[in-house]
Amino acid sequence: MSSLTDIEKRYLERLLEMGSGYVLDYSDVNYGAFFNKHGIDIHGPKYQFYGTSKAKKMRAFWDQEPDPIVGKVLSEMLDSYVASCELGGTEVDKPVFEKGRAAVDRLLSKSTKPKSSPTESSFLDTEFSIPNIHKLPVDAPVVPIIEKRLTEARAALKAGAYLSVIFLCGSVLEAVLLGAAQKHPAKFNNAKASPTDNTGSVKKFYEWNLAQFIDVACEIGLLKPDVKKFGHGLRDFRNYIHPYQQLTSGFTPDQHTAKVCFQVLKAALADVAGER
């Protein structure tokens with residue numbers, strides 16, 4: 001059974017609108033299809049000992065499944081809640097949502113064994129394979145452009161054109177993360193690291209820079225922390241396009257910097273494609 005506490009369950013029930021026996025706006029068919037993605041037959045007898053409503057089946061699910069499964073399902077459910085609010089023109093109940101999200105994060109973190117922090121050397125020694133570009137969240141016409149830039153980045157690295165490597169890698173990663181944000185707007189817009197304007201509203205995605213995309217993507221679990229940890233040169237790649245800004249920053253890329261940036265890109269693409 002999961003380790004959800006009674007208080008955590010109350011917050012989650014409020015967010016998922018379970019008071020009347022329903023769960024958000026799921027129909028029986030959609031509810032079943034949602035759980036089937038996670039290998040759960042929610043309409044089966046296993047989850048009917050409290051009753052046959054969707055809410056009662058959810059409570060039975062909480063009481064029978066382990067933290068990793070419950071946390072994964074609830075994380076996606078909370079994304080559905082945010083999407084329902086956005087599409088319905090209603091406000092997210094932020095205080096309650098934060099409590100629910102904290103409960104889900106606890107379930108997911110509890111199921112993950114702590115790992116030692118990688119060093120730059122171990123990160124560079126790790127073999128990352130660039131995934132099939134078609135698996136990435138980019139529009140089909142952009143795919144050949146990304147493939148060409150990856151080819152040019154490899155050639156630039158061999159030729160010692162280290163600044164070019166950083167420009168090419170930065171542009172590819174920014175395009176891929178923009179595509180991911182457009183595919184999952186609720187996740188990106190509701191992250192704590194989402195950049196805001198002077199009014200406190202989250203900026204439009206086209207106004208984000210690569211560093212902001214990386215920070216948010218790491219926060220929501222799309223990218224692993226090592227991408228953020230070792231991507232310093234890549235994160236600020238646009239600053240170095242202008243010679244005077246490069247002069248001011250004192251940034252002089254060498255072979256090592258270029259290799260780290262290309263490695264960061266490969267790791268990030270593998271993360272986004274779900275192959276890492």
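Every number in this text was worked out from the coordinates using simple rules, so none of it is lab data. This is a predicted model, so every value here is computed, not measured. Please note: Cβ atoms are built from the backbone with ideal geometry, for glycine as well, and neighbour counts cover all protein chains shown.
Would you please classify the overall shape of the range 6-111 from the alpha carbon gyration tensor, given that a ≥ b ≥ c denote the square roots of the eigenvalues, rounded means a/c under 1.5, and beyond that prolate means a/b larger than b/c while oblate covers the rest?
Because a/c hits 1.5 or more and a/b fails to exceed b/c, the range 6-111 counts as oblate.
Which GluC sites (Glu not before Pro) in the range 113-212 pass both tests, a DSSP loop state and at most 14 other beta-carbon atoms within 10 Å?
Answer in residue order: 127.
Just the Cα atoms of the range 120-273, one point each, no solvent: what log10 I(q)/I(0) does Debye give at q = 0.16, 0.18 Å⁻¹?
Log10 of I(q)/I(0), two decimals: -0.89, -1.11.
If every alpha-carbon in the range 1-63 counts as one equal scatterer, what log10 I(q)/I(0) does Debye give at q = 0.12 1/Å?
-0.27
Going by a ≥ b ≥ c, the root eigenvalues of the Cα gyration tensor, does the range 32-167 fall in the rounded group (a/c under 1.5), the prolate group (a/b larger than b/c) or the oblate group?
Since a/c reaches 1.5 and a/b is larger than b/c, the shape of the range 32-167 is classed as prolate.
Which number do you get for Rg(Cα) / (2.2 N^0.38 Å) in the chain?
Cα-based Rg divided by the globular estimate yields 1.16.
Tell me which of 239, 103, 270 sits at the most positive position along the dipole axis of the chain, charges placed on C-beta atoms (Lys, Arg +1; Asp, Glu -1).
So the residue furthest toward the plus end is 270.
Rank-order 249-256, 8-15 by packing density, defined as the average count of other C-beta atoms within 10 Å over each peptide's residues, highest first.
Ranking, from highest mean packing down: 8-15, 249-256.
Setting aside same-chain residues fewer than 8 positions from residue 158, which lysines have a Cα under 18 Å from its Cα?
Those lysines meeting the cut-off are 148, 259, 266.
Based on Cβ point charges of +1 for Lys and Arg and -1 for Asp and Glu, what charge dipole magnitude is obtained for the range 120-273 about its Cα centre, in debye rounded to the nearest 20?
My answer is approximately 200 debye.
Rounded to the nearest 500, what is the chain's calculated 222 nm mean residue ellipticity when only DSSP H runs of at least 4 contribute -39500 (n - 2.57) each, over all residues?
-18500 deg cm²/dmol
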